[in-house]
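S.K.: Sending over a structure as structure tokens; questions will come in a sec.
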Amino acid sequence: MSLKLGAHVDQVDPLAEAADRGADLVQFFLGNPQDYKAPKLAYADGEQALRERSAAAGVDLYVHAPYRLNVANTNNRIRIPSRKLLQQTLDKAAEIAVKGVIVHGGHVGDDDDPEAGFDNWRKCIERAELPVPLLIENTAGGENAMARQLDRIARLWDAVQSSGNDRLENVGFCLDTCHFHAAGEDLPTIVEKVLAITGRIDLVHANGSRDEFGSGADRHSNFEEGHIDPADIVAVVQAAGAPVVVETPNADHGQKADIDYLRAHLT
């Protein structure tokens, strides 16, 4: 089975990071993932050089949107800057011809009606320009999260699909194995269940988990050191049939070891 496999890497020189790991693709941030500052490419030679060199090397590029983004939130001081930054991230990512921008599903407050969050997602997609695919990722914790468990993902997907955006083909799904494990969703059947909701899986984040099933904790481990059976990770990757980003720790070249593990076990 031939799938493109890669890792989340430092943003300064993603192509060197790809070569170091033997990766077919890389995912990285455009700036500080913890603030609302406008995205900025860290690659010293600029957008055109990165676009051309990645194409020549056969390395696909993905961008992860900042963690602070929360377009579902009912607080205007969070939601409005989040929408603005998401659009800026999509636009900047388009300059380097990425295959997708990954964004977390977000959440509303503990006392808020989740329906308000789903509707805020609808409005976000309705107004968004989508020059590159936007891939919504399931998340690990939070009682009022929009994309933690399958029933919420179904409501979110319905909201997005009702937005009326004429580029809905550019809204996809990113499946994170650690996040579903943390959310208490069984991995052996997760691909089938997600596809029944979304009809598509565009990217897999293949991660082990430092914590037990249903913990709600978003703490990734290398494949053979966590609480997820590595065989389950391989099975998810194989069933999804989508490109893979390993977001595991890289001490002692751990990401390369995890990529090599997938290559050795995929059939």
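S.K.: How many residues does segment 159-190 hold that are of a type in the set (A, V, I, L, M) and either more than 25 Å from Leu90 (Cβ to Cβ) or at pLDDT below 95 (or both)?
M.R.: Qualifying residue count for the region: 4.
S.K.: Let me ask something additional. Within segment 143-188, which residues are among the hydrophobic types (A, V, I, L, M, F, W, C) and part of a loop (DSSP other than H, G, I, E, B)?
M.R.: Met146, Ala147
S.K.: Sticking with this one: Report every pair of residues separated by at least 6 positions or lying on different chains whose Cβ atoms are under 8 Å apart, first residue within segment 173-197 and acidic (Asp, Glu), second part of a strand (DSSP E or B).
M.R.: Asp176/Glu137; Asp176/Val204; Asp176/His205
S.K.: Is there a residue in segment 24-35 that is more than 20 Å from the chain's Cα centre (by Cα) and open to solvent by 20 Å² or more (accessible area, probe 1.4 Å)?
M.R.: No, that holds for no residue.
S.K.: Right, another one. Test Asp112 against the stated conditions and say whether it is touching a Ser or Thr at 6+ places or on another chain (Cβ under 8 Å), farther than 20 Å from Ala65 by Cα, open to solvent by 40 Å² or more (accessible area, probe 1.4 Å) and among the acidic types (Asp, Glu).
M.R.: Answer is yes for this residue.
S.K.: Right, next: Output the residue which, of all residues in segment 64-83 that are in contact (Cβ under 8 Å) with a residue 40 or more places away in the chain and surrounded by fewer than 24 Cβ atoms within 10 Å (Cβ to Cβ), is nearest to Arg167 (Cα to Cα).
M.R.: This residue is Arg83.
S.K.: Hey, another quick one. Across segment 1-50, which residue is farthest from Tyr261 (Cα to Cα) among those that are among the basic types (Lys, Arg) and assigned to a loop (DSSP other than H, G, I, E, B)?
M.R.: Residue satisfying both the conditions and the ranking: Lys37.
S.K.: Could you please tell me which pairs satisfy a Cβ distance under 7 Å, a separation of 6+ or placement on different chains, a first residue in segment 150-162 that is open to solvent by less than 70 Å² (accessible area, probe 1.4 Å), and a second residue that is in a helix (DSSP H, G or I) and among the aliphatic types (A, V, I, L, M)?
M.R.: Leu150/Ile197; Ile153/Ile197; Ala154/Ile197; Trp157/Ile197; Val160/Ile125
S.K.: Moving on to the next point. Starting from residues that are assigned to a helix (DSSP H, G or I) and in contact with a Gly (Cβ under 9 Å, 6 or more places away or on another chain), keep the ones in segment 225-254 and report whichever is surrounded by the most Cβ atoms within 10 Å (Cβ to Cβ).
M.R.: Step by step, filter segment 225-254, then rank; the result is Ile233.
S.K.: Right, here's the next one. Please verify whether Asp211 is open to solvent by 10 Å² or more (accessible area, probe 1.4 Å) and either farther than 17 Å from Ala147 by Cα or outside any loop (DSSP other than H, G, I, E, B) (or both), treating the condition exactly as stated.
M.R.: Considered against the rule, which asks whether it is open to solvent by 10 Å² or more (accessible area, probe 1.4 Å) and either farther than 17 Å from Ala147 by Cα or outside any loop (DSSP other than H, G, I, E, B) (or both), Asp211 comes out as yes.
S.K.: Against the definition (surrounded by fewer than 16 Cβ atoms within 10 Å (Cβ to Cβ) and either closer than 30 Å to Pro131 by Cβ or out of contact with any Cys (no Cβ under 9 Å at 6 or more places or on another chain) (or both)), how does Gly172 come out, yes or no?
M.R.: no
S.K.: Taking the stated definitions as given, is Arg53 under 22 Å from Pro133 (Cβ atoms), open to solvent by 80 Å² or more (accessible area, probe 1.4 Å), modelled with pLDDT under 95 and in contact with a helix residue (DSSP H, G or I) (Cβ under 9 Å, 6 or more places away or on another chain)?
M.R.: no
S.K.: Take segment 180-201 and flag every residue that is among the charged types (D, E, K, R) and crowded, with 21+ Cβ neighbours inside 10 Å.
M.R.: Matches in segment 180-201: none.
S.K.: Something else now. Name every residue in segment 182-228 that is within 24 Å of Val160 (Cβ to Cβ) and of a type in the set (Asp, Glu), in order of residue number.
M.R.: Glu185, Glu192, Asp202, Asp218, listed by residue number.
The values are calculated or read from the model by the stated rules, or taken from the named source; none is laboratory data. The structure displayed is predicted, hence computed values, not measured ones. Glycine gets a Cβ as well: all are built from the backbone with ideal geometry, and neighbour counts include every protein chain shown. Side chains included, ligands, DNA and RNA excluded: accessible areas come from the protein's heavy atoms. Shrake-Rupley method; radii C 1.70, N 1.55, O 1.52, S 1.80 Å.
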